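Here, each number is a calculation from the coordinates, and none is a lab measurement. Treat the numbers as computed from the prediction; the structure is a model and nothing was measured.
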Amino acid sequence: MSDKKEKVAIVTGGTGALGRVVAHLLAEQGVKVYIPTLTMDEFNHVFDNSSSADEGEFKLRKIFAFDCNAFDENSVKEFVEKVEIQEKGTIDYLVNTVGGIHAPVAIGDLDTATFDKMFTFNFKSTFYFTRECLNVMKRNNFGRIVSIGAIAGTKPEAMRFPYSYSKSGVTWLMETVSEEYKDFNIRANTVMPSIIDTPANREWGSEEDIKKWVKPEEVAEAISFLLSDKGNSVRGSILKVFGNY
């Protein structure tokens, strides 16, 4: 029996190329998954597998969604409250996969709007969900949080300052949570992929590039490990999933 069975998870960015793989994997392991989505149409498009029933492939998975703007702290607060009410005060896991990158730009040419957008997209969304879920997890004396980091967040990278800065904040956030909440059986870690093999990345990657990338399924398995009982003693860590990059 899965050690995750009957657990409750929030997966941000759950309709994205990585998030949907994470959501499906957790659901297959018995987790009830909640996904914040800007539109229910988007959620239904990604997760409706009713058409496969005729082919004998239909599987009932507990994947649900509520409307939410991940970049608005009030919207995030309302989303987490809805999940908490629906699950009678329980949120066991939080997986933050929301993220994005900008076009290369030197600092001298960097406009404030681009910087603010990246900081909100990569850091604030993770911070909002982490903050709200921590309050629930602390009351229950249990919680597992995993966020997606980036290589660029570990060292300065030319032409990518807003991205690097915002992603470094994600790692620092996870490490700080680990220190502040370790006595409440709450573990926070960062999974750091190299380049993920997604349809969007394949638009610019060569065949040789793609061979070096990691699959979303590999990243999802790393996340699953950190949420599992086997990862109980792992906190404040960066788990690198680089493949041959």
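Once the piece of chain linking Asn201 and Lys230 is laid out straight, how much longer is it, given 0.36 nm per residue of separation minus the C-alpha distance between them? Numbers along the way, then the final one.
Values: separation 29, 0.36 × 29 = 10.44 nm, distance 3.20 nm.
Value of the extension gain: 7.2 nm.
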Cross-link candidates for Lys230: which lysines have Cα within less than 18 Å, leaving aside residues fewer than 8 places away along the same chain? Lys4, Lys5, Lys7, Lys182, Lys240
So who's got an amide H within less than 5 Å of the one on Leu239, skipping anything under 5 residues away but keeping other chains? H placed 1.01 Å off N, in plane. Thr190, Val191, Met192
What are the ³J(HN,Hα) couplings of the stretch 139-145, residue after residue, when phi is run through the Karplus curve with 6.51, -1.76, 1.60 and θ = phi - 60°? Round to Hz, x for glycine and proline. 4, 8, 6, 6, x, 10, 10
For Arg187, residues with placed amide H under 5 Å, excluding near neighbours: Gly143, Arg144, Ile145
Could you give each residue of the stretch 11-24 its phi-based ³J(HN,Hα) in whole Hz, using Karplus coefficients 6.51, -1.76, 1.60 with θ = phi - 60°, and x for Gly or Pro? 10, 7, x, x, 8, x, 4, 8, x, 5, 5, 4, 4, 5
Normalised per residue, the volume of the convex hull around the Cα set of the stretch 8-241 (Å³): 137 Å³
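Using only DSSP helix segments of four residues or longer, with each worth -39500 (n - 2.57), what per-residue ellipticity at 222 nm results for the chain after dividing by its residue count and rounding to 500?
On the way: 9 runs with 97 residues, N = 245.
Result for the chain: -12000 deg cm²/dmol, rounded to the nearest 500.
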Which one, Ala17, Ala200, Ala152, has the greatest fluctuation when you compute a Gaussian network model over the chain with C-alpha springs under 10 angstrom? Ala200
How large is ³J(HN,Hα), in whole Hz, for each residue of the stretch 115-124 in order, when computed from phi with the Karplus curve 6.51 cos²θ - 1.76 cosθ + 1.60 and θ = phi - 60°, using x for Gly and Pro? 4, 4, 4, 5, 5, 5, 5, 8, 9, 4
Return the whole-Å distance between the Cα centroid of the stretch 176-239 and the Cα centroid of the stretch 24-41. 18 Å
Reachable lysines from Lys77, criterion Cα separation under 19 angstrom, eight or more residues apart if same chain: Lys88, Lys124, Lys138
